[in-house]
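Colleague: I'd like to ask some things about the structure below.
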Amino acid sequence: MPIRPEHRWLYPIDWPQLSRMVRFARAGGRCDGCGRPHGRDVRCLNDGRWWDEDRGYWRDGQGRRARGLPRPGCERVTQPALIDGEGPPAHRVTRVVLASAHRDHDPGNNVSCNLAAFCQRCHILHDAPEHRRRRWMTLFRRRALGDLFLGQYR
């Protein structure tokens, strides 16, 4: 995730090296949340399950083995599925990019145990409550400024 300009001064000077160490030396180039490998194209389903090429099976959103899905490329379409209008689960291919994330959302807290290597999906899920909080603060601030300078906010 890009660093916001107003938070830039909270990060240490050696942030690129620290981030690289967290993502590749400590996490081994895999997401700490789900285990997706950095820089690889991964087949994903809409519910977070993904195909692990190295191990040869599907994994769920937490990196555990998911059962009951056919291997990609050899989907078994049964006759009842064709009658219902359903086919094999559709998947998309995404490129995985790891980023370093602060577990407590405090960019000034760069202790090693507070940093995690997350893929795009895990990072956005981890940051969702913080994004909701910031969105509420932005709307609250706009409403307060409107009341202060423009009268009652509509």
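The values are calculated or read from the model by the stated rules, or taken from the named source; none is laboratory data. All values derive from a computational prediction rather than experimental measurement. Cβ: placed from backbone, ideal geometry, glycine included. Neighbour counts: every protein chain shown. Heavy atoms of the whole protein, side chains included, go into the accessibility calculation; ligands, DNA and RNA do not. Shrake-Rupley method; radii C 1.70, N 1.55, O 1.52, S 1.80 Å.
Colleague: Give the peptides 4-16, 50-62 in descending order of average Cβ contacts within 10 Å, highest first. Mind dumping the intermediate values first?
Modeller: Numbers: 4-16: 10.6, 50-62: 15.2.
Going by the mean number of other Cβ atoms within 10 Å, highest first, we get 50-62, 4-16.
Colleague: State the percentage of accessible surface on the chain attributable to carbon and sulfur atoms; use a 1.4 Å probe and exclude ligands, DNA and RNA. Please report the intermediate quantities before stating the final value.
Modeller: On the way: 5590 of 10530 Å².
For the chain, the apolar C and S fraction of the accessible surface comes to 53 percent.
Colleague: Quick check on the chain: helices-only [θ] at 222 nm, where DSSP H runs of length 4 and up contribute -39,500 (n - 2.57) each and the sum goes over total residues. Nearest 500, please. Walk me through the numbers before you get to the answer.
Modeller: On the way: 3 runs with 43 residues, N = 154.
Calculated at 222 nm, the ellipticity per residue is -9000 deg cm²/dmol.
Colleague: Roughly how tilted is helix 120-150, in degrees to the nearest 10 and between 0 and 90, from the longest Cα axis of the chain?
Modeller: 30 degrees
Colleague: Now for a separate question. Any chance you could run the full-extension gain for residue 137 through residue 60? It's 0.36 nm times the residue separation minus the Cα-Cα distance, nm to one decimal.
Modeller: Stretched out fully, the residue 137 to residue 60 stretch lengthens by 24.4 nm.
Colleague: Considering all projection directions equally, how large on average is the shadow of the alpha-carbon convex hull of the chain, in square nanometres? List each step's numbers first, then the result.
Modeller: On the way: hull surface 55.3 nm².
Across all orientations, the chain yields a mean hull projection of 13.8 nm².
Colleague: Still on this structure, please answer the following. Can you give the accessible area per residue of the chain, in Å², using a 1.4 Å probe?
Modeller: Details: 10530 Å² over 154 residues.
Accessible area per residue, the chain: 68 Å².
Colleague: Please compute the net charge surrounding residue 120, taking Lys and Arg as +1 and Asp and Glu as -1 over other residues with Cβ under 10 Å from its Cβ.
Modeller: Values: positive: 36, 95, 121; negative: none.
Net of charged neighbours comes to +3.
Colleague: Let me ask another. What residues from the stretch 1-19 fall in the zone where the backbone N is under 17 Å from a label point 7 Å along the Cα-to-C-beta line of residue 149?
Modeller: none
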